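Student: Let me begin by handing over the structure; questions about it come next.
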Amino acid sequence: QVQLVESGGGLLQAGGSLRLSCAASGSILSINVMGWYRQAPGKLRELVATISSDGTTIYADSVKGRFTISRDNAKKTVYLQTNSLKPEDTAVYYCKALILAHGSSVTRLYWGQGTQVTVSS
């Protein structure tokens, strides 16, 4: 079965660095869009950034210029990086991917389990 496994997160300081990783595994034919979402306490889940199979990126205004999304197709992994963390970045971060599995004719949505990122001021 297809799974998304996240790594990274934790307690960090404002102005510090963060690198989240999310690796897809399973019987995968191709991966379309991969992205990151986050949900802060008491708030709705929101888009952080996405990256398409051709490398096209989209960023939320709140992270544009600070965050970088990238992917390694050979490793089937998407990354989210920043060197300019803010307390407002505190949230549970979720990995998302649209994946075409072997034996399927359409892409399906998969989510990671979420990883807590806490940024202290």
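Any read-out appearing in this document is the output of simple, stated calculations on the displayed coordinates, not a laboratory observation. On a predicted model such as this, the values are computed, not experimentally measured, just so you know. Here Cβ is always computed from backbone atoms with ideal geometry, including for glycine, and neighbour counts include all displayed protein chains.
Student: What is the number of the single condition among (1) outside any strand (DSSP E or B); (2) within 11 Å of the chain's Cα centre (by Cα) that C95 does not meet?
Tutor: The single condition C95 does not satisfy is (1).
Student: Here's something else I'd like to know. Those residues that are among the hydrophobic types (A, V, I, L, M, F, W, C), surrounded by 15 or more Cβ atoms within 10 Å (Cβ to Cβ) and either touching a helix residue (DSSP H, G or I) at 6+ places or on another chain (Cβ under 9 Å) or free of Cβ contacts under 8 Å to residues at least 24 places away in the same chain (or both), I need them from segment 78-107; list them, please.
Tutor: First, the residues of segment 78-107 that are among the hydrophobic types (A, V, I, L, M, F, W, C): 78, 80, 85, 91-92, 95, 97-101, 106.
This time we only want the ones that are surrounded by 15 or more Cβ atoms within 10 Å (Cβ to Cβ), so: 78, 80, 85, 91-92, 95, 97-101.
Result: no residue meets the conditions.
Student: Only one of (1) surrounded by 18 or more Cβ atoms within 10 Å (Cβ to Cβ); (2) of a type in the set (S, T, Y); (3) within 14 Å of the chain's Cα centre (by Cα) fails for S70. Which number is that?
Tutor: Of the numbered conditions (1) surrounded by 18 or more Cβ atoms within 10 Å (Cβ to Cβ); (2) of a type in the set (S, T, Y); (3) within 14 Å of the chain's Cα centre (by Cα), the odd one out for S70 is (1).
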